[in-house]
Amino acid sequence: MAISFETKLIAATAVVAYFVGKRWLSYRGSDVRRLKKPAGGNWLLGHEYEAWGTTDGEFYIKNVNELGQAFGMQGGLFLVLTDPAAISHIYTKHPYEYLKSQIIRPLIDRLIGKSLVWAEGDQHKRQRQMLAPVFTNENVKNMDEEVHNAADKLVDVLREHIQSERVTEKDGGVRVNILEWSCRATLDIIGNVGFGYDFQCGRSEEAKAIQRSWRDLVLMGMGWMGFAAPLVIRAFPFIADLPIKPIQAQGEIKTIIKGLARQLVEQRRSMQSDAGMKSGKDLMSTLLKLNDKAEGADLDQLLDHICTFVMVGHETTSAAINFSLLELARHPEMQERLRREVTEFVGSGPGGEPTYEEYQSKMPYLDAVCRESLRFYPPASHAERISTIDDVIPLRFPITTPSGEQLNSIRIKKGQHINIPTIAINRNAAVWGPDAEVFRPERWLEPGGSPAPSTLTQGWGGIFTFIEGPRICIGYRLALFEYKVLMSVLLKNFEFQDTGIKLGTQFSSTLQPFIEGRKHDGVQIPLIVRDLHQ
């Protein structure tokens, strides 16, 4: 197959970027060059290519277990950290001295705009203060109806699909790519609680366009261009503005969502006298009340908030559900235990449905499966930060250099790239024990099953999936509620069976699953789904 000019341009520039980057951090006064480094590494691309080319997290998990909770990567460009004191120093104590890298911010802007995920410093503080009222416990509790309606719609359309397909299994099951279905419900929820729009469980033209663009973007990020382009942008940020397809393609999703949001803003403004609109607590109502006459750049930022809410809100929750169903299909005894719990529990809500509070505290195994899934498969499995200051990063767990010296902290220079592999933090054997890489919800229910708090990050549940500090995921309460409602409803109505197909994962915007040897077919988790009430 012929190599395009764009590919040649990125590959050639990547070579230059490597040597520029290699010299960039050769500063005196930094401890990074003194740290242990993994064996091997590509002669040109260091360890980054190895980390990218293997199952997501494998490189980092292996080396954290072997080298400790802080190590360097070949070329001196990256410092890898999983130590909880170091994480707290960066995310909780000094969040605005450690910024997203010049790779990430332009791509975030192109994908979802200059909203909360993109913002830094005082701009981030202002945006978070403005948006926080939307995601309080009380407000999420009031989203109960929209969440349950979306879950019921998902059951209906999935049941309709199973009945329309030719049965492929003796027990009446049908093979389904579960990724194509869970995102329909989460997009529905976000559409309704975000700005009162019905995506029709994936059937609206806007929903189809969003999903199609997202799939194309993810698949592009899983190819060589997805590796090379960030490498180049790190060294030459201006390239983010060049007309290179893998970079510019990200704007399509934002264009779709912002176009829809703009129409809805105009409709809402024409209803300003409506009492229901004025008292509304959804995202759009809140933003319009705070930005009553927003035009130009202010209106554009308002639309960026909606775009962020739609994409980040629906994709990450959908991913958590997908991986949970995969593990429950692989472990039928876990699936049956959870089905029994959610089926037998009679809630105090309408029709015996659990209330918001009951979902949080009255179904312990559902909570355990939720926590273990988010530990084992964090949707945002990697993060990258750049220090804007010379600093000394503390360590809770001292490390030993190749020369035998013990370090309780690491000196870094301004501009230091720091790789924070969430998936390795959540699966660190030194913290979670010898079964850290085993999916086992029971650990959350057993006395002493969870690690000591001093060994954990300060994120929700002691895991780093939602990050920690001022940048903790603002919508995590809604994500957890969505997850529990959707999992409960799905398990009451369907049985999920493993196909036995070997899957791999790769990070492309979020953690993505694919069939090994068939990455070109796109992301998928094939399961056999059987309707329990047919």
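Tell me whether the stretch 376-386 contains one or more residues that are among the β-branched types (Val, Ile, Thr) and either over 20 Å from residue 29 (Cβ atoms) or not in a strand (DSSP E or B) (or both). Steps first, please.
Applying the first criterion (among the β-branched types (Val, Ile, Thr)) to the stretch 376-386 yields 386.
With the extra rule that they be either over 20 Å from residue 29 (Cβ atoms) or not in a strand (DSSP E or B) (or both), the set shrinks to none.
No: the stretch 376-386 contains no residue that is among the β-branched types (Val, Ile, Thr) and either over 20 Å from residue 29 (Cβ atoms) or not in a strand (DSSP E or B) (or both).
Condition check: open to solvent by less than 60 Å² (accessible area, probe 1.4 Å) and within 20 Å of residue 324 (Cβ to Cβ). Does residue 451 satisfy that? Working first, answer last.
Values: open to solvent by less than 60 Å² (accessible area, probe 1.4 Å): yes; within 20 Å of residue 324 (Cβ to Cβ): no.
Here the answer is no, as residue 451 does not meet what is asked.
Which residues, taken from the stretch 215-224, are open to solvent by 30 Å² or more (accessible area, probe 1.4 Å) and within 13 Å of residue 53 (Cα to Cα)? Lay out the reasoning, then the answer.
Of the stretch 215-224, the ones open to solvent by 30 Å² or more (accessible area, probe 1.4 Å) are 215-216, 219-220, 224.
Hit for the stretch 215-224 is 224, nothing else.
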Item to complete: Return the only residue of 525, 515 being buried (at least 20 other Cβ atoms within 10 Å of the Cβ) and touching a helix residue (DSSP H, G or I) at 6+ places or on another chain (Cβ under 7 Å).
Response: 525
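Based on this model, can you work out whether residue 466 counts as modelled with pLDDT under 95, buried (at least 16 other Cβ atoms within 10 Å of the Cβ) and under 28 Å from residue 100 (Cα atoms)? Give the derivation first.
Details: modelled with pLDDT under 95: no; buried (at least 16 other Cβ atoms within 10 Å of the Cβ): yes; under 28 Å from residue 100 (Cα atoms): yes.
The answer is no for residue 466.
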Response to the item:
A careful count of residues in the stretch 515-533 that are farther than 12 Å from residue 181 by Cβ and of a type in the set (A, V, I, L, M, F, W, C) gives 4
Discussion item. Looking at the stretch 118-138, can you tell me whether even one residue there is within 27 Å of residue 225 (Cα to Cα) and part of a loop (DSSP other than H, G, I, E, B)?
Written reply: yes
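For (1) modelled with pLDDT of 90 or more; (2) among the aliphatic types (A, V, I, L, M); (3) touching a strand residue (DSSP E or B) at 6+ places or on another chain (Cβ under 6 Å), each residue gets a yes or a no:
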residue: 295; (1), (2), (3): no, no, no
residue: 299; (1), (2), (3): no, yes, no
residue: 337; (1), (2), (3): yes, no, no
residue: 341; (1), (2), (3): yes, no, no
residue: 355; (1), (2), (3): yes, no, no
residue: 367; (1), (2), (3): yes, no, no
residue: 381; (1), (2), (3): yes, no, yes
Fill in: From the options 232, 193, residue that is surrounded by 17 or more Cβ atoms within 10 Å (Cβ to Cβ) and modelled with pLDDT of 85 or more
193
Practice prompt. Could you check residue 445 against (1) more than 17 Å from residue 68 (Cβ to Cβ); (2) under 19 Å from the mean Cα position of the chain (by Cα) and say which number it fails?
Written response: (2)
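Take residue 450 and tell me if it is at pLDDT below 95, under 19 Å from residue 88 (Cα atoms) and either assigned to a loop (DSSP other than H, G, I, E, B) or of a type outside the set (Val, Ile, Thr) (or both). Spell out the reasoning first.
Working: at pLDDT below 95: yes; under 19 Å from residue 88 (Cα atoms): no; either assigned to a loop (DSSP other than H, G, I, E, B) or of a type outside the set (Val, Ile, Thr) (or both): yes.
Judged against the criteria, residue 450 is not a match.
Name the residue that is nearest to residue 454 (Cα to Cα), counting only residues in the stretch 389-401 that are in contact with a Lys or Arg (Cβ under 6 Å, 6 or more places away or on another chain) and open to solvent by 10 Å² or more (accessible area, probe 1.4 Å).
Start the filter on the stretch 389-401 by keeping residues that are in contact with a Lys or Arg (Cβ under 6 Å, 6 or more places away or on another chain), which leaves 389-390, 392, 401.
Those still in the list that are open to solvent by 10 Å² or more (accessible area, probe 1.4 Å) too: 389-390, 392.
Values: 389: 27, 390: 27, 392: 20 Å.
Step by step, filter the stretch 389-401, then rank; the result is 392.
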Worksheet, complete the sentence: residue 40 vs (1) within 22 Å of residue 506 (Cβ to Cβ); (2) modelled with pLDDT under 80: all pass except (2)
Worksheet item: When both residues are 6+ apart or on different chains and their Cβ atoms are under 9 Å apart, which pairs have a first residue that lies in the stretch 477-496 and is within 11 Å of residue 182 (Cβ to Cβ) and at pLDDT 95 or above, and a second that is open to solvent by 10 Å² or more (accessible area, probe 1.4 Å) and small (Gly, Ala, Ser)?
Response: 482/313
Worksheet item: Inside the stretch 97-140, can you point out the residues that are free of Cβ contacts under 8 Å to residues at least 60 places away in the same chain, in contact with an Asp or Glu (Cβ under 9 Å, 6 or more places away or on another chain) and open to solvent by 50 Å² or more (accessible area, probe 1.4 Å)?
Response: 105
Worksheet entry | Filtered residue count, the stretch 330-356, keeping only those that are of a type in the set (S, T, N, Q) and touching a helix residue (DSSP H, G or I) at 6+ places or on another chain (Cβ under 6 Å) | 2
Discussion item. With the structure loaded, tell me whether residue 415 is without any contact (Cβ under 8 Å) to a residue 60 or more places away in the chain and either outside any strand (DSSP E or B) or crowded, with 18+ Cβ neighbours inside 10 Å (or both) or whether it fails that test.
Written reply: no
Worksheet item: So which residues in the stretch 35-65 are surrounded by fewer than 18 Cβ atoms within 10 Å (Cβ to Cβ) and either on the phi > 0 side of the Ramachandran plot or in contact with an Asp or Glu (Cβ under 8 Å, 6 or more places away or on another chain) (or both)?
Response: 40, 41, 42
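Would you pick out the residues in the stretch 156-173 that are buried (at least 19 other Cβ atoms within 10 Å of the Cβ) and either within 26 Å of the chain's Cα centre (by Cα) or modelled with pLDDT of 95 or more (or both)? I'd like the intermediate steps shown before the answer.
Initially, the stretch 156-173 is screened for residues buried (at least 19 other Cβ atoms within 10 Å of the Cβ), giving 158, 173.
The answer is 158, and nothing else.
Considering the stretch 72-96 alone, what residues qualify as being under 18 Å from residue 457 (Cβ atoms), open to solvent by less than 10 Å² (accessible area, probe 1.4 Å) and outside any helix (DSSP H, G or I)? Don't jump to the end; show me each part of the working.
Filtering the stretch 72-96 down to residues under 18 Å from residue 457 (Cβ atoms) leaves 79-95.
Retained after the next criterion (residues that are open to solvent by less than 10 Å² (accessible area, probe 1.4 Å)): 79-84, 86-88, 90-91.
79, 80, 81, 82, 83 - these are the residues of the stretch 72-96 that are under 18 Å from residue 457 (Cβ atoms), open to solvent by less than 10 Å² (accessible area, probe 1.4 Å) and outside any helix (DSSP H, G or I).
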Item to complete: Could you tell me whether the stretch 469-478 includes any residue that is open to solvent by 10 Å² or more (accessible area, probe 1.4 Å), in a strand (DSSP E or B) and not aliphatic (A, V, I, L, M)?
Response: no
Practice prompt. Go through (1) out of contact with any His (no Cβ under 8 Å at 6 or more places or on another chain); (2) at pLDDT 95 or above; (3) open to solvent by less than 80 Å² (accessible area, probe 1.4 Å); (4) not small (Gly, Ala, Ser) and name the single condition residue 176 misses.
Written response: (1)
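Which one of 460, 432 is open to solvent by less than 20 Å² (accessible area, probe 1.4 Å), modelled with pLDDT of 95 or more and among the hydrophobic types (A, V, I, L, M, F, W, C)? Working first, answer last.
Values: 460 fails: open to solvent by less than 20 Å² (accessible area, probe 1.4 Å).
After applying the criteria, what remains is 432.
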Item to complete: Kindly indicate whether any position in the stretch 163-178 is in a helix (DSSP H, G or I) and hydrophobic (A, V, I, L, M, F, W, C).
Response: no
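The values are calculated or read from the model by the stated rules, or taken from the named source; none is laboratory data. Source: prediction; values computed, not measured. Every residue, glycine as well, gets a Cβ built from its backbone with ideal geometry; the counts of neighbours run over all protein chains shown. All accessible areas refer to the heavy atoms of the entire protein, side chains included, with ligands and DNA or RNA removed. Shrake-Rupley method; radii C 1.70, N 1.55, O 1.52, S 1.80 Å.
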